[in-house]
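The values are calculated or read from the model by the stated rules, or taken from the named source; none is laboratory data. Just so you know, these numbers come straight off a predicted model, no measurement behind them. Quick reminder, even Gly has a Cβ in these numbers, built from the backbone with ideal geometry, and neighbours come from all protein chains shown. Side chains are part of the model used for accessible areas, which takes the heavy atoms of the whole protein and leaves out ligands, DNA and RNA. Shrake-Rupley method; radii C 1.70, N 1.55, O 1.52, S 1.80 Å.
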Amino acid sequence: MRKKIVAGNWKMNENLQEGVALAKEINETLKADKPNCGVIICTPFIHLASVAQVLDRNVVELGAENCADKEKGAYTGEVSAAMVKSTGAQYVILGHSERRQYYHETPEILKEKVQLALANGLKVIFCCGETLDEREANKQNEVVKAELDGSVFNLSAEEWKNIVLAYEPIWAIGTGKTATSDQAEEMLAYIRTIVADKYGKEAAEDTTILYGGSCKPSNAAELFAKPNIDGGLIGGASLKAADFKGIIDAWKK
Ligand code: 13P
């Protein structure tokens, strides 16, 4: 049975004190009412070590939002996968469209990052998704396949076990415009097919694939009811403990 997951991506929000307070609140809320799925919070680098201290890892796991494409050395301002791991984080988000778009991360760069993350014992939440223009041109499958081909389909079957995929259509991120549950299901089913082509049917059935993009308490249950949707990668709604919990509770419906 593949793992159901709700993961929060805080992006560039919350100062250190606010972030620690939010993590504590999420942790306490979920300890009091145990989730029916895996829960991960992915925070800015500066929060990781402090947030690691306040989380009960049986309930909430921890991830970073990025890591460097180099192992170590003279790369001012960068944070390596080994450094992320040393904070106690277990996951890292890679391939987010905001990193691709604003920081020009190419499939080749992402391939390096994925390799380094896995080599350092991190699990990877790897994102893919098309722009509105690409969807309107009906190129979404092609775009998503190219993103996976370019950065993760080179992995061994063993390495693949540490990959979680997240489909995040760019037109749905932070826009309030969620993909319909049918659109999301259609894409996730397609992704599962191409994973099966690469790693076999069993591995594809075991792969957790998340949907992300304006997921909220009001639409999570409908999305998660779809057979191929194994949970969500949540931006805005992960910054309020009650909203994040509302999405997590969608797995109880
Ligand atoms: P929103 O939930 O704010 O649309 O963001 C989705 C996202 O980008 C998560 O990685």
Task: Positions within segment 1-58 being open to solvent by less than 10 Å² (accessible area, probe 1.4 Å), free of Cβ contacts under 8 Å to residues at least 40 places away in the same chain and not β-branched (V, I, T), in sequence order - done: G19, A23, N27, H47
- [ ] Return only the number of the condition from (1) surrounded by 23 or more Cβ atoms within 10 Å (Cβ to Cβ); (2) part of a loop (DSSP other than H, G, I, E, B); (3) away from the ligand (no atom under 15 Å from the Cβ) that N138 does not satisfy.
- [x] (1)
TODO: Would you check if E159 is surrounded by fewer than 22 Cβ atoms within 10 Å (Cβ to Cβ), assigned to a helix (DSSP H, G or I) and touching an Asp or Glu at 6+ places or on another chain (Cβ under 8 Å)?
DONE: no
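Any residue in segment 95-103 that is open to solvent by 30 Å² or more (accessible area, probe 1.4 Å), basic (K, R), under 17 Å from the mean Cα position of the chain (by Cα) and farther than 16 Å from K72 by Cα?
First pass over segment 95-103, keeping only residues open to solvent by 30 Å² or more (accessible area, probe 1.4 Å): 98-103.
If we keep only those that are basic (K, R) as well, we get 99-100.
Going one step further and asking which of them are under 17 Å from the mean Cα position of the chain (by Cα), we end up with 99-100.
Checking the rest, the ones that are also farther than 16 Å from K72 by Cα come to 99-100.
Yes: one or more hits.
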Task: Wholly enclosed strands (runs of 3 or more DSSP E) of segment 162-242 bearing at least 1 residues open to solvent by 30 Å² or more (accessible area, probe 1.4 Å), within 12 Å of the ligand (Cβ to nearest atom) and under 16 Å from S97 (Cβ atoms) - done: none
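Okay, residues lined up against (1) over 18 Å from N154 (Cβ atoms); (2) within 16 Å of the ligand (Cβ to nearest atom):
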{"position": "A68", "(1), (2)": "yes, no"}
{"position": "A81", "(1), (2)": "no, no"}
{"position": "S86", "(1), (2)": "yes, no"}
{"position": "Y91", "(1), (2)": "yes, yes"}
{"position": "Q101", "(1), (2)": "yes, yes"}
{"position": "E105", "(1), (2)": "no, yes"}
{"position": "L110", "(1), (2)": "no, yes"}
TODO: Return a yes/no flag: does segment 182-199 have any residue that is at positive phi and in contact with a Pro (Cβ under 8 Å, 6 or more places away or on another chain).
DONE: no
Open item on the list: Pairs please, first residue from segment 85-109 and free of Cβ contacts under 8 Å to residues at least 40 places away in the same chain, second anywhere and assigned to a loop (DSSP other than H, G, I, E, B) and among the charged types (D, E, K, R), Cβ atoms under 7 Å, 6+ apart in sequence or on different chains.
Closed with: R99/E105
